[in-house]
Amino acid sequence: MRQSKLFTKTRREAPKDEVAKNAQLLIRAGYIHKEMAGVYSYLPLGLRVLKKIENVIREEMNAIGGQETALATLHPSENWKKTGGWDGVDVLFKIQSRTEKEYALGQSEEEIVTPIAQEYASSYKDLPVAIYQIGQKYRDELRAKSGIMRGREFGMKDMYSFHETQEDFDRFYEIAKKAYFKVFARCGLTAKVTEASGGAFSEKLSYEFMVLTDAGEDDIIYCSECAHCANVGVSKAAEGDMCPKCGKGKLAKARAAEVGNVFDLGVKYPKAFDFTYKDKNGEAKSPIVGCYGIGTTRLMGTIVEVLSDEKGIVWPKVVAPFSAHLIAISGSNTDVGAEADRLYELLCENGIEVLYDDRDLRAGEKFADADLIGIPVRVVISEKTISEGGFEVSSRTNGETAMVPDSDIVERLRN
Ligand code: ATP
Ligand code: MG
């Protein structure tokens, strides 16, 4: 993509009412546009990142047998009345039609997915099954001051699994937890997992995946030595205590963002919809249901919070909007422009996603924009690099710079 043609431009200031670092940087760099508190549009750069995050999640959910769907987000009120969510879920957006019918906007999809599963899973032979989607959610959140980390409209991957027995559910629960750790690691983050009660959903166990950041809204306590981690308020242990699990480490307190969670929903939803399957003996049984969420937009915001520096965003390679940022420093030298055009074509032909800064701007402005946008690898072409027969390649993460000869550049950027 030629930057001169890119729909967005960087800007010096974020909107005055934007207090979250993630949204400030993403707005300034042209990734997102703020519509109102808690609602953002995703612009070309932002959508590229979001799609890459979604793809990481998609790959990991497919790998554990998840089947992708696109479930309705405009819901019949009847389904929510059946489960008690119509009056019981405080964040549910309710819509009144001109025909006096009422609808809900999807804040989660149990009310839609359970009746669908009921139609297709009538026998134990149809179980287990796990279906998921990646899409918009709507919640009437009271406070929305964390940028894209807490939206009133936001992106979520939500998966739902249906099982014959508790044992089979437990088996899949462990597999799903492992897949979650893979997702967060691939996105450049270290996640800790807390055990919590299922809250509004059930008395059963749930796990929350937390990434340490001051931009989060949760307080956790974790062990310096082992993987023990708990929510402050749930845990009886306090900061400075010895770890109740390993007995070796000390507990530290930190702010964290909940990037995902998994719930054992038990039979609550099948019961509400009168959903049973026939077991091996022909007896009607309620399936055990699990739900598994990852906030895709919250994850994107968390990556920005955790990995950015004073100059701007630092994307990990897998989710960066482009893998290389090609910057031509031509001044009045037309050879540089021609050489940069040639390299740009070459990289495109080789399937390397490149943002090409072909704009007529001073070097300092181009570098400042590149730092703000945060593409992990920068390739500079100038009179100097041409005279040396190569390109200057540098890393946004650690600033390391190397001259790469013309003959090696494609291979270098591939890896
Ligand atoms: P929180 O306690 O932060 O409100 P939650 O417990 O309500 O989260 P779930 O209903 O389990 O969250 O949703 C699954 C995931 O969706 C969460 O782990 C989080 O990553 C994300 N999420 C939840 N609410 C929002 C929101 N308002 N904006 C962005 N992401 C959200
Ligand atoms: Mg919530």
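The values are calculated or read from the model by the stated rules, or taken from the named source; none is laboratory data. Everything numeric in this text was worked out from a predicted model, so none of it was measured. We place every Cβ from the backbone using ideal geometry, glycine too, and count neighbours over all the protein chains shown. For the accessible areas, the whole protein counts, side chains as well, though only heavy atoms, and no ligand, DNA or RNA atoms are used. Shrake-Rupley method; radii C 1.70, N 1.55, O 1.52, S 1.80 Å.
One table, with the values for the structure above:
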item	result
Any chance Ala257 is on the phi < 0 side of the Ramachandran plot, outside any strand (DSSP E or B) and of a type in the set (A, V, I, L, M)	no
Unmet requirement for Arg143, which otherwise passes all of (1) within 11 Å of ligand 1 (Cβ to nearest atom); (2) modelled with pLDDT of 95 or more	(2)
Meets criteria (over 20 Å from Ser161 (Cβ atoms), among the aliphatic types (A, V, I, L, M) and buried (at least 16 other Cβ atoms within 10 Å of the Cβ)) for Val129	no
Inter-residue pairs, beta-carbon under 7 Å, first farther than 22 Å from Leu347 by Cα and in the stretch 357-376, second open to solvent by less than 10 Å² (accessible area, probe 1.4 Å), 6+ apart	Leu372/Ala29; Leu372/Gly312; Leu372/Ile313
Filtered residues of the stretch 384-415 (kept if assigned to a helix (DSSP H, G or I) and surrounded by 15 or more Cβ atoms within 10 Å (Cβ to Cβ))	Thr385, Ile386, Asp406, Ile409, Val410, Arg412, Leu413
Condition met for Asp264 (farther than 28 Å from Gly188 by Cβ, within 16 Å of ligand 1 (Cβ to nearest atom), of a type in the set (Asp, Glu) and not in a helix (DSSP H, G or I))	yes
Filter result (within 23 Å of Leu299 (Cβ to Cβ) and charged (D, E, K, R)) within the stretch 55-107	Arg58, Glu59, Glu60, Glu68
Residue under evaluation Gln107, criteria (1) more than 20 Å from Leu71 (Cα to Cα); (2) in contact with a Lys or Arg (Cβ under 8 Å, 6 or more places away or on another chain), criterion not met	(1)
Filtered residues of the stretch 197-221 (kept if aromatic (Phe, Trp, Tyr), surrounded by fewer than 23 Cβ atoms within 10 Å (Cβ to Cβ) and modelled with pLDDT of 90 or more)	Tyr207
All strands (runs of 3 or more DSSP E) inside the stretch 126-236 with 2 or more residues being more than 16 Å from ligand 2 (Cβ to nearest atom) and more than 23 Å from Gly85 (Cβ to Cβ)	192-197, 205-212, 218-223, 229-231
Residues that are open to solvent by 10 Å² or more (accessible area, probe 1.4 Å) and over 25 Å from the mean Cα position of the chain (by Cα), drawn from the stretch 352-379	Asp358, Arg359, Asp360, Leu361, Arg362, Ala363, Gly364, Glu365, Phe367, Ala368
Matching entry among Lys52, Lys82 (being more than 29 Å from Ser308 (Cβ to Cβ), among the basic types (Lys, Arg) and touching a residue at least 24 places away in the same chain (Cβ under 8 Å))	Lys82
Number of the exception - Val39 against (1) over 27 Å from Asn350 (Cα atoms); (2) open to solvent by 40 Å² or more (accessible area, probe 1.4 Å); (3) touching a residue at least 60 places away in the same chain (Cβ under 8 Å)	(2)
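Let's see how each residue does on (1) part of a helix (DSSP H, G or I); (2) at pLDDT below 95; (3) away from ligand 1 (no atom under 14 Å from the Cβ); (4) among the aromatic types (Phe, Trp, Tyr):
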residue	(1), (2), (3), (4)
Asp274	no, no, yes, no
Asn281	no, no, yes, no
Gly290	no, no, no, no
Thr297	yes, no, no, no
Trp315	no, no, yes, yes
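Residue-wise test of (1) open to solvent by 10 Å² or more (accessible area, probe 1.4 Å); (2) among the charged types (D, E, K, R); (3) in the same structural domain as Pro376 (by TED's automatic domain parsing).
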site: Asp274; (1), (2), (3): yes, yes, no
site: Tyr277; (1), (2), (3): no, no, no
site: Ser332; (1), (2), (3): yes, no, yes
site: Val336; (1), (2), (3): no, no, yes
